[in-house]
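The structure under discussion appears below in the form of structure tokens.
Read the figures in this text as sums done on the coordinates, not as results from a lab. This one's a predicted model, so the numbers in the text were calculated from it and none came from an experiment. Virtual Cβ from ideal backbone geometry, glycine too; neighbours counted across all protein chains shown.
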Amino acid sequence: MKKIQKSKLKTKNRKPKVKTFEFLLVVLTFTFCLFTFDCYAERNVRVAIIQDTSALNLRIKGFFQIKDLKKGRIIHRARNINTTVIVSKDGIDLAGIKPDSNSLLIESDDPQAFTINSKPFRGNIQLIRKSNNKLLVVNHIDLEDYIKGILYHEASHYWPMEALKAQAIVSRTYAVYQMQENTSKDFDVTNDIYSQVYGGQVSERYRTSIAVDETAGMVIFYKGKIIPAYFHATCGGHTENAAILWGIDLVPLRGVVCPFCKESPHYSWHYDLSLKEIAEKLSAAGFKVKNIKSIAIENKDSSGRITNLIIKSEKQELKISAKDFREIIGPNSIRSANFSVRIEGCDAVFEGIGWGHGVGLCQWGAYFMAKDGRNVEQILKYYYPGIDVKTF
Ligand SMILES: [Zn+2]
């Protein structure tokens with residue numbers, strides 16, 4: 001949208017011949033946009049930045065307009081606001097403006113207009129009143145700006161540039177995949193670990209932004225389709241097959257040997273937890289477990305990760321997948337499904353390797369590959385065999 005406006009401005013002082021040519025170009029681009037994904041409007045990611053809140057502070061610098069998305073019309077125009085937005089059963093109250101709508105889009109041309117609860121955000125802001133009378137705040141942001149806002153949280157800005165570029169392409173691919181999957185939902189991604197941690201403008205760094213700019217628009221395809229480009233911190237020697245974890249059977253996500261992440265600071269881990277606490281966490285998750293007697297590994301998959309655990313307690317035996325067990329105990333405590341477990345007194349002692357689910361790009365593997373002189377394409381094609389990296 002912004003780029004189209006810019007090109008309009010540029011045509012002002014030119015000769016009619018050029019004007020006609022540019023007009024045709026704009027018409028052709030617009031027609032092309034109607035039939036492809038390559039469209040400015042569709043390159044906005046919708047990030048849920050706040051969920052289930054009753055009030056928030058909203059500061060807008062400069063001119064803005066509020067659009068009622070239910071009726072599709074602009075209901076208010078103003079400039080400079082610093083207010084508390086309140087939501088209740090009566091609707092949304094925005095500085096005394098009480099629109100008859102549960103979905104408002106606040107738009108501004110200023111790329112640095114919005115501050116929400118003291119945090120600056122690029123793009124536009126959507127306020128949605130949910131059926132529980134709580135507010136969902138969605139940041140509509142240009143895809144490239146979004147990647148700039150997450151990359152710092154996924155990799156250190158001091159990392160080798162080829163590793164940062166690999167992460168930028170992987171993060172962009174994952175986001176675009178979510179954009180395609182969630183068109184009928186209120187948002188594409190959340191701003192936490194369940195999607196990719198998004199810190200807004202304050203998370204941008206010089207080197208991570210260079211990595212985003214140098215790979216602008218590049219995503220990972222397999223047989224012409226954008227893949228869900230999963231990634232994790234450290235695989236510990238072999239990446240995982242997505243078919244085993246989530247039933248996604250794709251050649252690039254079947255797992256590869258990774259000799260690169262041995263020196264990762266997250267290569268091995270150790271965690272102790274009392275049997276009582278394990279039983280409590282499992283019970284809270286709905287499993288009937290009391291007085292644990294033993295925890296045993298039932299089987300492992302071809303990557304060496306545990307498939308199922310058998311937990312014997314006083315009266316029963318529980319068979320639980322390592323994936324669910326990690327989720328219940330805490331994925332940052334039981335850092336991977338590749339571990340051994342033994343009981344010492346009243347505690348279970350876990351010793352494992354790797355950090356994360358293990359599917360797709362091994363971030364620390366990518367770091368060491370880049371340090372050894374491999375380029376971004378070599379890194380990506382190693383962890384996702386059979387792929388193409390193209391702009392979309
Ligand atoms: Zn690895």
- Give, as a single signed number, the net charge of other residues whose beta carbon lies under 11 Å from the beta carbon of residue 360, with Lys and Arg counted +1 and Asp and Glu -1. 0
- Query: How far is it, in nm, from the label point at residue 371 to the one at residue 59 when both lie 7 Å from their Cα along the line to the Cβ?
  - Reply: 4.1
- Which number comes out as Rg/Rh for the chain once both Rg and the Kirkwood Rh are worked out on C-alpha atoms? 1.04
- Contour excess over end-to-end distance, with Cα ends at residue 73 and residue 276 and 0.36 nm allotted per residue: 67.3 nm
- Segment residue 98-residue 284, length gained on full extension (0.36 nm per residue, minus Cα span): 62.8 nm
- Task: Note down, for the stretch 281-375, the three equivalent ellipsoid semi-axes (square root of 5 times each alpha carbon gyration tensor eigenvalue), biggest first, whole angstrom.
- Result: 31, 12, 12
- Query: Which far-off residues, 5 or more places away or on another chain, put their amide H under 5 Å from the one on residue 375, with H placed in the peptide plane?
  - Reply: none
- Query: Around residue 189, what is the net charge, scoring Lys/Arg as +1 and Asp/Glu as -1 over all other residues with Cβ under 11 Å from its Cβ?
  - Reply: -1
- What does the charge add up to near residue 115, with Lys and Arg as +1, Asp and Glu as -1, over the other residues with Cβ less than 13 Å from its Cβ? +3
- Can you pull the one-decimal nm distance between simple spin-label points at residue 157 and residue 181, each 7 Å off the Cα toward Cβ? 3.0
- Item | Helix 275-284 axis, angle to the chain major axis (alpha carbon atoms, nearest 10°) | 40
- Using alpha carbon centroids, what distance separates the stretch 219-247 and the stretch 266-334, in Å? 25
- Item | Column: log10 I(q)/I(0), Debye, Cα scatterers of the stretch 142-267, q = 0.18, 0.21 Å⁻¹ | -1.08, -1.38
- Within the stretch 206-294, how many lysine pairs that are 8 or more places apart, or on different chains, have C-alpha atoms less than 26 Å apart? 5
- Taking Cα pairs under 8 Å and at least six residues apart, what relative contact order does the chain come out at, in percent? 15
- Task: May I ask for the distance between the Cα centers of the stretch 148-209 and the stretch 78-108, given as a whole number of Å?
- Result: 29
- Using alpha carbons only, what's the Rg to Rh ratio of the stretch 55-133 with Rh from Kirkwood? 0.93
- Simple SL model, points at 7 angstrom along Cα→Cβ for residue 299 and residue 319; separation in nm is 0.9
- Could you give the size of the charge dipole of the chain about its Cα centre, using +1 on the Cβ of each K and R and -1 on the Cβ of each D and E, expressed in debye and rounded to the nearest 20? 1580
